[in-house]
Amino acid sequence: MTTGKDMGRSVPAPLLILGSVVSIQAGQACGKAMFGLAGAPGVVVLRLAFAALVLLARRPAPPRRDSLGLLAALGTAIAGMQLIYPAIERLPVGVASTLQFLGPLTLAMVRARRPADLLWAALAGTGVFLLYGPSGSPVSLAGAAFALASGACMAAYLVLNKRAGVLDGAPLTWAVAFAAVLVLPLAPSAAGALLRPEVLLAGLGVALLSAVVPWSLDMAGLRRLPAHVVAVMVSLEPAAGALAGLVLLGEHLSWASWLAVGCVSAASAGTVLSNRPRRTGRGEQVGWRRSLATRRPKRDLTCACSPERGNRSPRRWTWTRK
């Protein structure tokens, strides 16, 4: 009998990461399709609530008191990332995903130290110009503001999740639970729709497709692929968002918008590749910081993370999307 673990090993690792990329963007597109039933606030409440319940079902150990502040900050960042939903209410999914992706991309460029990174910054800037230039489609300023704010929260999430990765227990589970509590006051705006069985079932599907399934695929793929390879594949997310919007919602982008999506994706991939570790003739890696206490490499994977991904701690992998 084939187990889930054996099946994960039989599937090529790149397909696992690609499936994760497609799943999260398809989940966002399905969430947008639910706006007519529960509105953007209702979808956010259902997504985080069901994601928290699935994670809490594993009965994690309670967090330590001295970690509560960090977990609250991480949960606040996760809640802020849900601003992508009011963004896609006003923008095509592909455009909103592209603007959101500028958050972690900017963080990666700030931390970069190589002259070639100026090229990738210019390429990302070209993508933004194509979105807002005279040849691009009209872009809602409110939608763009929501998407950029979501991207800023995503950058904060990457930094905070890296710090939380060294904590014992399941810090991300409690952070997601805290985020679910933060967005719970939005529930009344759905006008009772959240109590309807068909809406609850659809919300569960969105939570699974946009959070639980990508998390599982990421965990399986990361065990078998180098982090920089995963990061390059994650750079396809703006393009995957545009395709999800086209296939699932019938959102047709202008040629300038498609070029903008390609520019931002290419800039992200280029930033990762130009800053990946280099090996010397003795097999040592150049670019890692070594801990004097453990003499083990601490990898900074901020530039290798997509919307809603995690990090590499000195002791274990914690790579998730929320």
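Structure notes:
- Cβ-derived FRET efficiency at R0 30 Å, residue 252 paired with residue 53, nearest 0.05: 0.25
- For the stretch 69-168, dividing the convex hull volume of the Cα atoms by the residue count gives 99 Å³ per residue.
- Loop-resident sites, the stretch 32-86, for trypsin sites (Lys or Arg not before Pro), counting at most 11 other Cβ within 10 Å (DSSP): 58
- Largest-first principal axis extents of the Cα set of the stretch 97-248 (Å): 53, 45, 28
- Taken along the Cα-to-beta-carbon direction at a fixed 7 Å, the label points for residue 61 and residue 181 span 2.1 nm.
- Whole-number percent relative contact order across the stretch 12-102, with pairs defined as alpha carbons under 8 Å at least 6 apart: 37
- Those residues of the stretch 61-101 whose amide nitrogen sits under 17 Å from the label point placed on residue 140, 7 Å along Cα→Cβ: 82-100
- Net charge, residue 261 excluded, C-beta distance under 14 Å - Lys, Arg +1, Asp, Glu -1: -2
- Mean separation of Cα contacts under 8 Å, 6 or more apart, over the residue count of the stretch 43-192: relative contact order %: 49
Here, each number is a calculation from the coordinates, and none is a lab measurement. What you are looking at is a predicted structure, and each value in this text was computed from that prediction instead of being measured. As a convention, Cβ positions derive from the backbone with ideal geometry for all residues, glycine included, and neighbour counts pool all protein chains shown.
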